[in-house]
1. Of the numbered conditions (1) modelled with pLDDT of 90 or more; (2) touching a Pro at 6+ places or on another chain (Cβ under 7 Å), residue 55 satisfies every one except a single condition; which is it?
2. Restricting the search to segment 10-39, which residues are of a type in the set (D, E, K, R) and free of Cβ contacts under 8 Å to residues at least 40 places away in the same chain?
3. Modelled with pLDDT of 85 or more, loosely packed, with under 12 Cβ neighbours inside 10 Å and within 32 Å of the chain's Cα centre (by Cα): is that true of residue 67 in this structure?
4. Got a sec? Which of 85, 94 is in contact with a strand residue (DSSP E or B) (Cβ under 8 Å, 6 or more places away or on another chain) and at pLDDT 85 or above?
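The values are calculated or read from the model by the stated rules, or taken from the named source; none is laboratory data. Not measured: the values here are computed from a predicted model. Neighbour counts run over all protein chains shown; Cβ positions are idealised from the backbone, glycine included.
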Amino acid sequence: MSNYFKVNEKCNGCLACVQNCPADALNSEDIDDKRTLFHNMTRCARCGNCWRVCPQEAIDFRFLLENKWDAVITLNLVRCKVCDEALYTINFGETLTGKLEAATEPLCPRHREAFSLLAKAHYFPGRSRPEKEK
């Protein structure tokens, strides 16, 4: 069911909206003893013609004009283990782990740098890090 195109109880299925939609965003289907109206938001031009031609005043056009966001999916987040900043979704982390073939520590850039400096100081106290062999 569309979140934008809404028809109220006054609809009698006359198909004036379907026949007069310039964008072919409305369609109908008769199966057995039922008529179903369909709306395709991708095709819809939000021109209001369906609303204007409806003899029953059954189309609640205001929903087509609302500037709202519909939730599509909700995913769990991984947060920095130090400051609790949102980093990425668990699903993204699993993808990343698979591609890197190693688990990553959940740290934001600021704390990743701090932990890196601590690790260097711990492994090489008072010395600079050894050069890589060529």
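1. For residue 55, the exception is condition (2).
2. Restricting attention to segment 10-39, the residues satisfying the condition of being of a type in the set (D, E, K, R) are 10, 24, 29-30, 32-35.
Across segment 10-39, the qualifying residues are 24, 29, 30, 32, 33, 34, 35.
3. Details: modelled with pLDDT of 85 or more: no; loosely packed, with under 12 Cβ neighbours inside 10 Å: yes; within 32 Å of the chain's Cα centre (by Cα): yes.
Spelling it out, it is not the case that residue 67 is modelled with pLDDT of 85 or more, loosely packed, with under 12 Cβ neighbours inside 10 Å and within 32 Å of the chain's Cα centre (by Cα).
4. Values: 94 fails: in contact with a strand residue (DSSP E or B) (Cβ under 8 Å, 6 or more places away or on another chain).
None of the others qualify; the one that does is 85.
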